[in-house]
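Here's the structure, in structure tokens; my notes come after.
Just so you know, all these numbers are worked out from the coordinates, no wet-lab data involved. The model shown is predicted, which means the values in this text are computed figures rather than measured ones. For neighbour counting, all protein chains shown are included, and Cβ atoms are generated from backbone atoms with ideal geometry for every residue, glycine included.
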Amino acid sequence: MKAIALSLLTLATAASGLLAEIPDRPEKLSFPALTYEPPKPADYRVQLKAGPVAYIATDRALPLVTISVMVRCGSYLEPDGKEGLAEFTGYLLVRGGIASKSAEELEERLAFLAAGLSSGIGDDSGSVSLNLLSKDLPEGLALLREVLTAPRFQKDKFDLHREQSIQGMKQRNDDSGSIQAMEAQRLAYGTNFWASRISTEKSLNALSIDDLKAYHQKWFHPANFVVSASGDFDRDELIAKLETLFANWPFTGEKAPPVPATPTMAAGGVYLVDKDVNQGRVSVMLPGVKRDDPDFPAITVMNDILGGGGFTSRLMNRVRSDEGLAYGAGSSFPGGVHYARAFQAGLSTKSRTVAYATRIVLDEMNRIANTPVTDEEINTAKRSFVDSFPGTFNTKAKIAGQFAADEFTGRFAQDPEYWSKWRSRIETVSKDDVLRVAKQHLHPDKAVILVVGQKEEILKGHPDHPVKLEQLASGKVTQLPLRDPLTQEPVK
Amino acid sequence: MKRFLMSVVVAATAAIPVLGQKIPVVEKQLPNGFKLLLVERHEEPRIAGGWVAHVGSANERPGITGIAHLFEHMMFKGTPTLGTKDAKRDLEIIGEQEKIRELIRQEESKMRTALRRGEVTDITSPESRTDRYRELEQEFKRLLEEQRTLLVKNEFDRIYTTAGATKMNAFTTEDMTGYFIEVPSNKLELWCWMESERLLRPVFREFYAERDVVFEERRMRTESTPTGKFAEQFNAMFWDAHPYNWPVIGWPSDIPAISKKQADEFYALYYQPQNITLILVGDFKADQAEKLVGEYFGRIPRGNQPPPEVTTLEIQSSAEKRYNAEAEVNPQVDILWRTVAFGHKDSYVLEVIEQLLNGRTGRLYKGLVLGRQVATDAGAANRPMKWAGMFNASAEAKDGKSLDELEQSVYAEIEKLATEPIPADELQKVKNNFAAAEYRRLTTTFGMLYQIIFSEGMGDWREINESGPRIQAVTPEDIQRVVKKYFTKENRAVAHFTRKPGSGGAGEDPDFAGLSADQKPMARQFTKRITETTDAAQLKAMLAGIQGQPAGTDPKRQQLQKIIVRKLEARIAELEKK
């Protein structure tokens, strides 16, 4: 084998600088240098005369165009008792017809053009997006203008969406994951926080088409828009088209107020929802930070080592690889835009090992808060962020989309060099920084631990692992009731 | 991607021309049997690398179902030099572990005997373990602890992650096992090193902990979801002879019974070079990549026996099958028809039929949700697989509509496809979407890799370029012919799902207790309407209408009527009191 390969190998080495022999360890390989500089926002940013800022990235590779309009609005602007208003408005903008076309006619036309036109409103932003073949751009922009200025909110589509939404609501308690998501939200931010409000059959029945129209006219106007565009167009021509798109707006709305930012986390302890499934779901929560926190890079690296980094993280190694207790275990420390988003660690494991696996998570939180991480761990975390960085901007659509999002959330105004500095901010995080932020933020004894699963089996624990749920965190176990899916009232 | 001619596109008004936007794949064969597929794409400084082993759950047999997938997990456990500080001692420990496992298997056999005799009811409960089992487990644990002092945890992953790789994962289906990752464009050689090493000399350490992980995956995906258990059983009922009838994840008693020896044999048989296709898409020069791949993967010896193919053909179905389940779901109907394998000439027609039925302008949504108003949602999915295929239609019932009515409405739409030729505009709409998708699929390096892995795993990567024109060539006559051929009664299995009583958490009206699952939504809807009505006269008219109807002989129907009459009378009394 070796003898025959020799001549071929020599050839290959000469051609591409390969090692003559395959080494026994990958560290012995050497790689050509790869330099990468992220795109600069200024090269894409355009202040339109008609009001919005747009980020425009031409990409002639394929005959496709994507245009997205982000809108300052969200469910935080819903009056109490009308939960669901933002979602309904967002959904029906495109699905409820426009001035020149009924909902059915619009759907058919878009389908024939193989065009995607979608709209939606979430917690703190709305968006309307168009993706189509570049040959159809003029027609697409005309439709987009009508969606933004003259949606019809057709009665039959409004009624149908309500019916479908209530149908969907009935499934809220069917999957333990859905129960976990709703309860985790309430525990992490408080039942009174705006983002914890949830639509009910009653709140949807309280909605009227006039409510949707009023919401739309209040927030959907150019002063609340940020635009991203990418694809197959001439930049100057597209700018002219966008000026036309947003000119002479037929109504004047209001500037969206700031997003309220006063969440409160529940008292530490274990919260248990009884649900008859043979795998318990666990969320371990603590108060988090905003993403503009000066420690956020250090927190990001710390979390990657603890549980954010998949198979290189401690939680995955301990809970999954060592013990075979869960398919996945991990943590996230997201960093909020408007308010501090909670730290969350989680896993799913068979009922009898819920307490034991949770104990491991708490132990690992303790460990990272009290003992420095290894050189290898911090190096892996940093290299992974730095060397995978080009993926952030790997398509023109992502470039325009990311910069528009930064404009929208105020990051561009606050920190215009954010992306050019990002890698060095990660590189400078030290082991001391990791220890310091872990100590500051991770307090396992104060954690809010949500468990959804078979109560009786979970409380039994496992004979090989003498840990009980009552011994975790502050030691207090509170049973949370299931809530009626349509009313959100506790069910006995 | 090269810029193509704009003028051709502009000239087109109705149809989107298919310009042959093919993915330029270079196919090579390595002397030891590997197939190599290369696609240069320089839009981003990344390389997406993957390989597909032509083995899936269909290659298993009863007793070791789930092994193909478990095996996928084991491929990340390292090599003699990756994952341990002492390869020699590591292998010795694995050998000693196997001896203990063999003794544990003898205990497990005793536990199964106890189960058959009714001496225990659940051998998975920790209390069912024999004393000897517990002792052996302790011994095994001691070996594991020693092994852990030598382990370099998840080193395979750590090396890639430290190198800036992303998206590392793998998947197993009935037909294939695919492995993939994306690396910076200067790290092609690292990919070659890592992937060829794990194919050349994998070490399946931590086998039994990983087996537990897979069981947790089964609990997560199948056992603790609202529909998982039912979907698995319905699928098992759908296929008679074909090995598609067991789940990819494996039966719950098989997963914990698979031994490392079985995994070793499985590897030797199905992971030979001639059963594997290597695929690279991204920022490299094809000739250089070929050389590098040849050097690294050329080290792996060709296997000495070709892996067996799946020879079982599904039998002709002679009767419709029906499945009735009570689950934590909204009432719904799920229908499966037997169709054809991937690449069959009728599969392109079925793709078009799927799209005619699907989406908000598709016939199911328009016919069932908007038109007849029997459903809140409806959709279709064509699923050709490597050895056989199926087509699915499903719909969720609108409150108060029966599942029988829902099912018949689906058939009515299918029947229309068979009897009335598709209008030209409607067919063109579907074809336009397929044509546009030919562009949309080219937007990322990783997305292109995934499509090639999938198509090659199904039998032939060339389908990524050849299916487009074949779909464009489908005629209205093809559609009628294919619908008539496959969408027959004997060819289908039908599942009715009703909501499990007491589930959902909503307090059910105790009056509804004796009603059938089909009647309950009707009763709820009537009751809602009655409570919302404030006009007593209107309610009295309704009451008179119902009382004027003959009660019929069906006792269930009589009971429903009685309940509604009672609700009406109570509401009228309440209104008149005010």
Next item on the list: Run the quick spin-label model on A:GLN414 and A:ASP464: label points 7 Å from Cα toward the beta carbon, then report their separation in nm to one decimal.
Entry: 4.7 nm
Notebook entry, point to check: To two decimal places, what compactness ratio does segment B:293-345 give when its Cα radius of gyration is scaled by 2.2 N^0.38 Å?
Noted result: 2.20
Checklist line | Alpha carbon convex hull of segment B:12-121, projected area averaged over orientations, nm² | finding: 16.2 nm²
Next item on the list: Translational diffusion coefficient, Stokes-Einstein: compute it for segment B:46-106 using the Kirkwood radius over C-alpha pairs as Rh, at 25 °C and 0.890 mPa s, and state it as an integer in µm² s⁻¹.
Entry: 168 µm²/s
Note to self: How long are the semi-axes of the equivalent ellipsoid of segment A:41-246, defined as square roots of 5 times the Cα gyration tensor eigenvalues? Whole Å, largest first.
What the structure shows: 32, 20, 16
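Under a point-charge model restricted to the Cβ atoms of Lys and Arg (+1) and Asp and Glu (-1), what is the dipole moment magnitude of segment B:321-499 relative to its Cα centre, in debye to the nearest 20? Spell out each step's value before the answer.
Values: 25 positive and 25 negative charges, 31 e Å.
Taking the Cα centre of segment B:321-499 as origin, the dipole is about 140 debye.
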Note to self: Using only the Cα atoms of chain B, what are the Rg and Dmax in Å?
What the structure shows: 29.2, 92
Margin query: Residues of segment A:88-102 with backbone nitrogen within less than 18 Å of a virtual label 7 Å along the Cα-to-Cβ line of A:PHE251, please, listed as ranges.
Written below: A:88-101
Check: What's the FRET efficiency of B:ASP122 with A:THR478 using the Cβ-Cβ distance as r and R₀ = 30 Å, to the nearest 0.05?
Finding: 0.50
Next item on the list: Using label points projected 7 Å from each Cα along Cα→Cβ, tell me how many nm separate A:ASP292 and A:THR191, to one decimal.
Entry: 3.3 nm
Check: Count of lysine pairs in segment B:99-223 with Cα atoms under 29 Å apart, counting only pairs 8 or more residues apart in sequence or on different chains?
Finding: 8
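With only alpha-carbon pairs counted, each pair once and no self-pairs, how large is the Kirkwood hydrodynamic radius of chain A in angstroms?
25.7 Å
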Item checked: Sites B:VAL310 and A:SER30 - FRET efficiency at Förster radius 56 Å, r taken between beta-carbons, to 0.05 -> 0.80
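Rg/Rh for the protein assembly as shown: what does it come to with C-alpha atoms and Rh from Kirkwood? Kindly include the intermediate steps, with their values, before the conclusion.
Values: Rg = 30.5 Å, Rh = 32.0 Å.
When Rh is taken as the Kirkwood radius, the ratio is 0.95.
Quick check on chain A: of the DSSP beta bridges with both residues there, what percent are antiparallel, nearest 5%? Spell out each step's value before the answer.
Values: 46 of 63 bridges.
Here the antiparallel bridges make up roughly 75 percent for chain A.
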Next item on the list: Please report, to two decimal places, log10 I(q)/I(0) for segment A:9-154 at q = 0.10, 0.20, 0.21 Å⁻¹ as given by the Debye formula with identical point scatterers on the Cα atoms and no solvent.
Entry: -0.55, -1.29, -1.34
Next item on the list: Search the structure for amide H atoms under 5 Å from the amide H of B:MET168, placed 1.01 Å from N in the peptide plane, and list their residues when 5 or more places away or on another chain.
Entry: B:GLU182
Item checked: Scattering curve values for segment A:238-326, log₁₀ I(q)/I(0), Debye with Cα scatterers, q = 0.21, 0.23 Å⁻¹ -> -1.22, -1.26
Notebook entry, point to check: For the peptides B:295-304, A:278-287, B:450-459, B:398-407, what is the packing order when you average, over each peptide's residues, the other Cβ atoms within 10 Å and list the highest mean first?
Noted result: A:278-287, B:450-459, B:398-407, B:295-304
Checklist line | Nearby aspartates and glutamates by direct alpha-carbon distance to A:LYS476 (threshold 14 angstrom, same-chain neighbours under 8 apart not counted) | finding: A:ASP445
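Output the Kirkwood hydrodynamic radius of segment B:205-309, Cα pairs only, in Å rounded to one decimal. Write down the numbers at each step before the final one.
Numbers: mean 1/r = 0.0576 Å⁻¹.
By the Kirkwood definition, the hydrodynamic radius is 17.4 Å.
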Next item on the list: Summarise the long-distance tail of P(r) for segment A:171-230 by giving the % of C-alpha pairs beyond 12 Å.
Entry: 78 percent
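Divide, for segment B:84-151, the radius of gyration over alpha carbons by 2.2 N^0.38 Å, where N is the residue count. It would help to have the intermediate numbers written out before the result.
Working: Rg = 14.7 Å, N = 68, 2.2 N^0.38 = 10.9 Å.
For segment B:84-151, the normalised Cα radius of gyration comes out at 1.35.
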Item checked: FRET efficiency for A:SER178 and A:ALA240, using Cβ-Cβ distance with R0 set to 51 Å, rounded to 0.05 -> 0.65
Item checked: Centre separation in Å (Cα based) which lies between segment B:285-337 and segment A:285-322 -> 36 Å
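Provide the packing ranking of A:345-354, B:346-355, i.e. peptides ordered by the mean count of other C-beta atoms within 10 Å per residue, highest first. All intermediate terms of the calculation are to be shown ahead of the outcome.
On the way: A:345-354: 26.5, B:346-355: 22.7.
Top of the packing list down: A:345-354, B:346-355.
Would you order B:ARG158, A:ARG383 from fewest to most other beta-carbon atoms within 10 Å of each residue's own beta-carbon?
Placing the least packed residue first, the sequence is A:ARG383, B:ARG158.
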Item checked: Cα gyration tensor of segment B:321-499 - equivalent ellipsoid semi-axes, whole Å, descending -> 28, 19, 16
